[in-house]
Amino acid sequence: MPVTAIINLRALSKGKLSRSFHCLMHPVFLDRISKTDEKFGKTLHDAGIMPPFSISPVMNIEKQVVINESYWVRIGILNEELEEMFFLSMEKGVWREPIQLESHFFEVEEIVWGNPDGFEWSGRNSYSDMIHNSVTCRKISVFALSPMSFKKGDLHYPLPEPSLLFGNLLRRWNQFSKIGLPEDYDFGDVSFAHFNIQTQPYALRKGGTVLGATGKMTFIFQNEISQLCHALLQFAFFSGIGVKTTQGMGMCRIVSVN
């Protein structure tokens, strides 16, 4: 069952940020899972291009870390195995250890599971409920908070073309859900009613930069494929969209359905 874990951090040090600071939670997460269960951690590390989780950028931070200020990171968990392992990591206390992101140290103040307080970036939803609650509609608007980009041949492609975006989500859904969806859709009947997006470079943890797009986009549908797309966009809230979702890219949510 897809769920989010919001990890609230308090800074124990101060200083300027590196260009890739926003994506440094990825190795920390793998390390904490490996300390919980070494075999599971190795499996997770070797998951390849479709791991069962997404990670947001470090949020509420700008050009420098301010001591005693609070920040947060969101982990999107896509299957029950990782959900159970994350719970076990909390029970074992591995998140009580300070977190080091390059030269900066943080302590975990709290881990908020699911959606107890209505925070717009936290939630919990089953694959069956995402299908059951999806509706036939004319338009769906989505907001991308962090850059989304797609693989097109050997290149990264920043434009959220419906075939790339929904195709990416459909493959990811079928990777982790026990409820399979047909893979023969080309999403040719999906277009844009409106978009207000801009390209933005995103620095990666091991060097390099990916150009992605952020902002609001409204998809328009001609037929019942809207119900499938609504389910996939609900899933996108947890999985992210496109490439490098474990390094903070593709963080998004639905803002309206009409």
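Each reported figure results from applying straightforward, stated rules to the coordinates on display, with no laboratory input. Here the structure is a predicted model, which is why all the values come from computation and not from measurement. Cβ coordinates were reconstructed from backbone atoms using ideal geometry, including for glycine residues, and neighbour counts include every protein chain displayed.
Specify which labelled value, from (1) 21.2; (2) 18.8; (3) 19.3, agrees with Kirkwood radius over Cα pairs in Å derived from the coordinates of the model shown. So the structure-derived entry is (2).
Working note: 222 nm ellipticity from helices only, DSSP H runs with n ≥ 4, each -39,500 (n - 2.57), summed and divided by the residues of the chain, gives -8000 deg cm²/dmol to the nearest 500.
Say the cut-off is 23 Å between C-alpha atoms; which of LYS42/LYS152; LYS139/LYS178; LYS152/LYS206 go over it? Where the Cα-Cα span goes over 23 Å, the pairs concerned are LYS42/LYS152; LYS139/LYS178. Which lysines have a Cα lying under 18 Å from the Cα of LYS39, excluding residues fewer than 8 positions away in the same chain? Result set, ordered by chain and number: LYS92. Phi angles of region 63-78 translate, via the Karplus equation with coefficients 6.51, -1.76, 1.60 and θ = phi - 60°, into HN-Hα couplings of 9, 7, 8, 10, 4, 6, 6, 9, 9, 8, 10, 10, 9, x, 10, 10 Hz per residue; Gly and Pro are given as x. Under 11 Å from the Cβ of ILE225, count the other residues' Cβ atoms, weight Lys and Arg +1, Asp and Glu -1, and hand me the total. So the surrounding residues net to -3.
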